[in-house]
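Rule-based calculations on the coordinates, nothing more; no lab input. Note that the coordinates shown come from a computational prediction; the quantities given were computed from them, not determined experimentally. Note that each Cβ is placed from the backbone with ideal geometry, even for glycine, and that neighbours are counted across all protein chains shown.
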Amino acid sequence: MQDADILIINASELVTCAGPVTGRIGDDLGKLDIIRDGALAITGGRIVAVGPTDALLSAWRGKETIDAGHRLVSPGFVDAHSHLLFGGDRCCEYEGKVKGRILGANLETGINATIQATRRADDRTLVEQALSDLDEALLYGTTTLEAKTGYGLSRDHELRLLRLTSGLEHEVDILPTFLGAHVLPDEYRNRRDEYVQLVIDMLPDVLPYTRSCDVACDPACFTAAECLRIGRHARELGMTLRVHADQTGDAGGAAVAAALGAASADHLDQSSAEGLRAMAAAGTVGIFFPGVTFHMLEMVPPLTEDGIGAAEKPYMPQSVRRALQAGVVCAISADFNPGSCPSISMQMMMQMAMRLFRLSYAEVWNMSTLNPAVSLGLAADRGSLEPGKRADVLIWNEIDHRRAVNRFGSNRVDTVMKSGRIVVRGQNLIRSTAAPAKSASPAG
Ligand code: NIG
Ligand code: FE
């Protein structure tokens, strides 16, 4: 008999989401690793064994045993793209889009409105809002979250957002990314080069906070040449690149991401087949946002004069299929932000990804766990329930992985374990009155 700190036993299904550390691609993406009547053993916050309950109980003795009660057990979600810190909301913009008063993506205007609101907000307001959003993410099963700046867009405001993001104390592991090149801020209208140079000049100053840099390559944001310029400087400083690519039109973002050897290229709605193939060759993960497709009305063309709207133009589901066919490692994330996705629930994202992108249950599970972990360089550490990995575990109020996705709109996660510690039980945060301990460094 071997000793473990904790055993979790009697899972109706232990959905391990196990797979190669390079992620699941092609037909393999549609295969989901499931152990029926499964169990896992945990020691020192890490998984030491997984298997059927009978087998585990005959080999392992736990100081503590958690009975999953014949419910679904899965890895925590890895959400690889968020804009966590922002001021204000964009409720008016949404109604304007729905009612046809605002046409198109409106990215520049919308993002600039949030920049103004973020600059006006004091530190405390931003931090309290972020902590409350992180609570919600955790309750819905997210245990790792990438968090970009991008609503400061001046040296002081971008560094402020990085400082505040890095200082957040929460059970969710937070990975900050510098997104100085989000959109051209209003005050730099007609001074593009100056702003691009400012972003490059800011790079050394962001290094104490993050080694991750994002650039937005989109007709509404920055050109391929501008993104390459910033990206190459970031790379020289040892930073890892992420790219907002081709959301409102093909700006060559997929190819830019591949040329930079970026960890991920995100959105990809209008990317060329060539760009997607280059990404596959470069090992750049493609990240898709069903919440953005849903909320931005990306499947629904503008209203026609009769107020009914033209026939649905279903090009969005094809963007994911095209990337999968090109051999890209694909993931989904929320892209939580006030404009294009005011939801931080990865459960909602799985549900919408199935419907909007026409994916299978197995595909959306792998795309919410292992594959986003690959994009963050963390697949050896998390993203699946495998020996050696961090014990980030969800116990669901569902008996199988299909029902967890099929039922939408309510929270179906009951218990959340982060690095071997129960942080949510019965859908309630478990916290002593003291502030939560800052979670262990993600790579540690
Ligand atoms: O990821 N360049 C695109 N940026 C955001 C939009 C955020 C916003 O609308 O505020 C995105 O969807
Ligand atoms: Fe984004």
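Based on the alpha-carbon gyration tensor of the stretch 230-301, what equivalent-ellipsoid semi-axes (square roots of 5 times the eigenvalues) come out, in whole Å, largest first? Walk me through the numbers on the way to the answer.
On the way: eigenvalues 108, 32, 20 Å².
Its equivalent ellipsoid spans semi-axes of 23, 13, 10 Å.
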| What share of the DSSP beta bridges in the chain is antiparallel, in percent to the nearest 5? | 40
| request: Could you tell me the distance between the Cα centroids of the stretch 196-222 and the stretch 227-294, to the nearest Å? | output: 14
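Go ahead and run the numbers for FRET between residue 117 and residue 63, Cβ-Cβ distance against an R0 of 41 Å, rounding to 0.05.
Taking R0 as 41 Å, the efficiency between residue 117 and residue 63 is 0.25.
What FRET efficiency, computed as 1/(1 + (r/R0)^6) with R0 = 22 Å and r the Cβ-Cβ distance, is obtained for residue 27 and residue 318, rounded to the nearest 0.05? Please report the intermediate quantities before stating the final value.
On the way: r = 19 Å, r/R0 = 0.86.
For residue 27 and residue 318, the calculated efficiency is 0.70.
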| request: Would you kindly derive the ³J(HN,Hα) couplings of the stretch 112-120 from the backbone phi angles with the Karplus curve 6.51 cos²θ - 1.76 cosθ + 1.60 (θ = phi - 60°), listing them in order in whole Hz, with x for Gly and Pro? | output: 5, 5, 5, 4, 4, 5, 6, 5, 6
| field | Column: log10 I(q)/I(0), Debye, Cα scatterers of the stretch 1-134, q = 0.19 Å⁻¹ | value | -1.01
| note | Out of 405, 429, 40 - ranked by how far each Cα lies towards the positive end of the dipole of the chain, with unit charges on the beta-carbon of charged residues - the top one is 40
| Ordering of 273-279, 56-62, 162-168 by burial proxy (mean other Cβ atoms within 10 Å per residue, highest first) | 273-279, 162-168, 56-62
| task | With a 4.7 Å Cβ cut-off, tell me which Cys residues in the chain come up empty for a partner. | result | 17, 91, 92, 213, 221, 330, 341
| said: Which of the three applies to the stretch 368-419, rounded, prolate or oblate, going by the alpha-carbon gyration tensor with a ≥ b ≥ c and a/c under 1.5 meaning rounded? | reply: prolate
| remark: Taking the chain and counting helices only, DSSP H stretches of n ≥ 4 at -39,500 (n - 2.57) each over all residues, the nearest-500 ellipticity at 222 nm comes to -10000 deg cm²/dmol
| request: Please work out how much length the chain gains when fully extended from residue 132 to residue 205, using 0.36 nm per residue of separation minus the C-alpha to C-alpha distance, in nm with one decimal. | output: 23.5 nm
| query | Which residue, 111, 430, 395, tops the fluctuation ranking in a GNM of the chain built on C-alpha contacts under 10 Å? | reply | 430
| √(5λ) per eigenvalue of the Cα gyration tensor, the stretch 93-181, largest first, Å | 25, 18, 12
| Stokes-Einstein translational diffusion, the stretch 111-268 - Kirkwood Rh over all Cα pairs, 1.306 mPa s, 10 °C, in µm²/s | 100
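Give me the dipole magnitude in Debye, nearest 20, for the chain about the Cα centre, with unit charges on the beta carbon: positive for Lys and Arg, negative for Asp and Glu.
On the way: 44 positive and 54 negative charges, 87 e Å.
That gives the chain a dipole magnitude of about 420 debye.
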| message | Less than 16 Å from a label point 7 Å out along the Cα-to-Cβ axis of residue 428: which backbone N atoms in the stretch 61-89 qualify, by residue? | response | none
| said: Which residue fluctuates most in the GNM of the chain (Cα springs below 10 Å): 418, 389, 99? | reply: 99
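Sort the stretch 187-257 into rounded, prolate or oblate with this rule: let a ≥ b ≥ c be the square roots of the eigenvalues of the Cα gyration tensor; rounded if a/c is under 1.5, and if a/c is not under 1.5, prolate when a/b is larger than b/c, oblate otherwise. Spell out each step's value before the answer.
Working: a/c = 2.16, a/b = 1.27, b/c = 1.71.
Judged from the Cα gyration tensor, the stretch 187-257 comes out oblate (a/c at least 1.5, b/c at or above a/b).
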| What whole number of Å gives the distance from the Cα centroid of the stretch 60-99 to the Cα centroid of the stretch 336-373? | 10
| field | Ranking of 361, 151 by count of other Cβ atoms within 10 Å, fewest first | value | 361, 151
| said: Over 20 Å intervals from 0, what percent of Cα-Cα pairs in the chain sits in each interval? | reply: 27, 58, 15, 0
| query | Once amide H atoms are built 1.01 Å from N in the peptide plane, which residues 5 or more positions from residue 265, or in another chain, come under 5 Å H to H? | reply | 243, 285, 286, 287
| said: If neighbour count is taken as other Cβ atoms inside 10 Å, put 346, 417 in order from fewest to most. | reply: 417, 346
| query | Which Rg and Dmax, in Å, describe the Cα atoms of the stretch 328-425? | reply | 13.6, 39
